[in-house]
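Below is one structure, written out as structure tokens; comments come after it.
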Amino acid sequence: MINKALIFDVKRFAVHDGDGIRTTVFFKGCPLSCIWCHNPEGISAKPELGYYAHKCINCGECVKFCSQNAHQMQTNIHSFDKSKCLSCGECESECLGDALKLHGQRKSVDELLPLLLEDREFYQASGGGVTLSGGECLMQADFCRELLKKLKENGIRTAVDTCGFVPRSSIIKVSPFTDIFLYDLKAYDAEVHKKCTGQSNDLILENLKYIDSIGKDIEIRIPFVPGFNDGETETLAEFISKLKHVTRVKILPYHNYAASKYASLGMENTLPERLPTDEQIAKAKEIMHSHGIVCD
């Protein structure tokens, strides 16, 4: 039994992570480095303390609870030295301005399950359920398998949201307890994919074909980012049209709302400036439709 997994968020009443009303569990750690990542707090496989400077009210409460002197007050102004921080989270609950956020806490299946079952009536009424996401949840595949199995034993529909850049064995572990895979496709061309994510997509495409071959439902999600993967729609459509168990494709318009997250973590902000137009998104969907693909 896998005791605990590193979780950075649990979002109830989610409506964009599969059908119906869902609860989404966000696992920490991701093998890709997508330049447009809107959950940068999910990239590292270690806990991290985020400091949102614009929320700080300079109360100094955090200083009292930091054994590493990462928080200091100088002339009544708070400063934070991330290099000293152990991400223990002791200061988070003491922050009066909600400026500190610990991303990543160890949770057991027994701790998560009661929370995930609380909204089962909403799941049943809406055709929803529980989605495991990230980061990349399948980096913690043994835990995912255990949690998914418990959910199925309780009659809950399940979804796994994955980038696919994981060992085949991880997919095999969770597939018996997964109703649908929400599968991210960034590009078909390997070089384009590497430019956008830091990795080739050979493994991703092969894993997608494997999931299709075992008859699992798949919802494919394509982030549309002008100047990076906007020229990939036609080749992706040709590839997807050959799969047999794709229920639909979602074209996801890129947004740059996550800038404050990058700043809070002291990370380089890699978010592209260009946003897609309504016309570009409509054209991408039209291409999918022309290949007989259900797309929204």
### Query
Of all residues in region 153-179, which are under 21 Å from G29 (Cα atoms), not basic (K, R) and not in a loop (DSSP other than H, G, I, E, B)?
T158, A159, V160, D161, T162, S169, S170, I171, I172, V174, S175
### Query
Can you tell me which residue in region 270-291 is surrounded by the fewest Cβ atoms within 10 Å (Cβ to Cβ), limited to those that are touching a strand residue (DSSP E or B) at 6+ places or on another chain (Cβ under 8 Å) and closer than 14 Å to N229 by Cα?
L275
## Note on the structure
Within region 141-175, the count of residues that are open to solvent by 20 Å² or more (accessible area, probe 1.4 Å), without any contact (Cβ under 8 Å) to a residue 60 or more places away in the chain and in contact with a Lys or Arg (Cβ under 8 Å, 6 or more places away or on another chain) comes to 4
### Task
Can you give me the number of residues within region 94-107 that are in contact with a Lys or Arg (Cβ under 6 Å, 6 or more places away or on another chain) and more than 16 Å from P47 (Cβ to Cβ)?
3
### Query
What number of residues within region 78-97 satisfy the criterion of being within 28 Å of V130 (Cα to Cα) and among the acidic types (D, E)?
1
### Task
With the condition kept exactly as written, say whether any residue in region 35-56 is buried (at least 18 other Cβ atoms within 10 Å of the Cβ), in a loop (DSSP other than H, G, I, E, B) and among the hydroxyl-bearing types (S, T, Y).
yes
### Task
May I ask you to list the residues in region 70-113 that are basic (K, R), closer than 30 Å to N154 by Cα and open to solvent by less than 90 Å² (accessible area, probe 1.4 Å)?
K107
### Query
Taking interchain pairs and intrachain pairs at least six residues apart, which have beta carbon atoms under 7 angstrom, with the first residue in region 106-126 and under 14 Å from L147 (Cα atoms) and the second surrounded by fewer than 20 Cβ atoms within 10 Å (Cβ to Cβ) and of a type in the set (A, V, I, L, M, F, W, C)?
L115/V10
### Condition met for L96 (within 17 Å of R12 (Cα to Cα) and either among the aliphatic types (A, V, I, L, M) or in a loop (DSSP other than H, G, I, E, B) (or both))
no
### Query
Of the residues L203, L243, L208, which single one is at pLDDT 95 or above and either buried (at least 21 other Cβ atoms within 10 Å of the Cβ) or of a type in the set (S, T, N, Q) (or both)?
L208
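The values are calculated or read from the model by the stated rules, or taken from the named source; none is laboratory data. Predicted, not measured: the structure shown is a model, and the values here were computed from it. Don't worry about glycine lacking a Cβ; one is built from the backbone with ideal geometry, like all the others, and counts go over all protein chains shown. Accessible surface is based on the protein model in full, side chains and every heavy atom, while ligands, DNA and RNA are left aside. Shrake-Rupley method; radii C 1.70, N 1.55, O 1.52, S 1.80 Å.
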